[in-house]
Amino acid sequence: MRDQGRLIEWFDDKGYGFIQPNDSAKDRVFLHIKDFARPGPRPIVGCALEYLIILDERGRYRAQQVTYLKAAQVKAKPKKAKDNVVRMPKKVSPMQILCIAYILALVILSAVGLLNGMALLAISLVNAATYWFYAQDKEAAQLGNRRVPENTLHILSFLGGWPAAWLAQQRLRHKTQKQPFRQIYFCTIAFNILLILWLISPFNPFQS
């Protein structure tokens with residue numbers, strides 16, 4: 001499926017840049033000079049382009065068969081709702097509820113002494129690290145640099161960083177459409193909850 005957008009960044013010395021699709025809800029797309037369908041003038045920031053989107057080996061969205069668009073060929077952007085229209089509040093997603101419930105449960109378990117306070121601190125640090133690693137991986141995907149291994153992101157989720165992972169996925173629009181990754185991510189949530197249950201159970205040999 002072909003899409004349209006405008007070039008928002010271009011590094012002429014390196015021969016690559018990024019396209020922002022006309023639909024602002026979509027992630028920006030990586031573009032290399034060799035991905036143009038036919039030779040033409042050097043790209044200029046702001047030019048309108050039409051392209052085919054693929055997911056490359058680095059897991060980033062990449063433009064292929066790129067062509068320049070004339071003004072008459074640019075599709076009109078969807079009209080936004082008028083400001084005087086009453087907007088319905090966004091619904092709370094099941095993942096938001098689960099994240100809040102998880103955090104509250106950890107705080108309560110720590111308060112009543114079932115979960116070690118150090119464990120709560122460690123989980124907090126893991127969440128901070130998780131968001132940072134997602135941000136680094138997003139930046140690496142956009143710039144074509146070395147990516148953060150997916151196993152690292154999954155281990156952090158398993159150790160309790162999955163709420164921050166979900167937040168990073170939504171805020172950074174990263175790893176939201178890669179199905180194998182998403183399936184393993186949800187498995188790490190289940191295994192982390194089982195780990196917490198084991199930590200507070202009598203079967204934990206370290207439980208005082």
Single residue of the stretch 1-25 satisfying the filter (in contact with a Lys or Arg (Cβ under 8 Å, 6 or more places away or on another chain) and touching a residue at least 60 places away in the same chain (Cβ under 8 Å)) that is surrounded by the fewest Cβ atoms within 10 Å (Cβ to Cβ): Q4
Hey, could you check the stretch 154-208 for residues that are over 17 Å from Y134 (Cβ atoms) and small (G, A, S) and say which is surrounded by the fewest Cβ atoms within 10 Å (Cβ to Cβ)? S208
For the stretch 76-85, check the following and say yes or no: at least one residue is modelled with pLDDT of 80 or more and surrounded by 10 or more Cβ atoms within 10 Å (Cβ to Cβ). no
Take R58 and decide whether it is at pLDDT below 80, in a loop (DSSP other than H, G, I, E, B), open to solvent by 80 Å² or more (accessible area, probe 1.4 Å) and within 24 Å of V148 (Cα to Cα). yes
Filtering helices (runs of 4 or more DSSP H) wholly in the stretch 104-208 for at least 2 residues that are among the small types (G, A, S) and either within 15 Å of the chain's Cα centre (by Cα) or closer than 30 Å to Y16 by Cα (or both) gives 117-143, 162-172
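The values are calculated or read from the model by the stated rules, or taken from the named source; none is laboratory data. What you are looking at is a predicted structure, and each value in this text was computed from that prediction instead of being measured. Note that each Cβ is placed from the backbone with ideal geometry, even for glycine, and that neighbours are counted across all protein chains shown. Side chains are part of the model used for accessible areas, which takes the heavy atoms of the whole protein and leaves out ligands, DNA and RNA. Shrake-Rupley method; radii C 1.70, N 1.55, O 1.52, S 1.80 Å.
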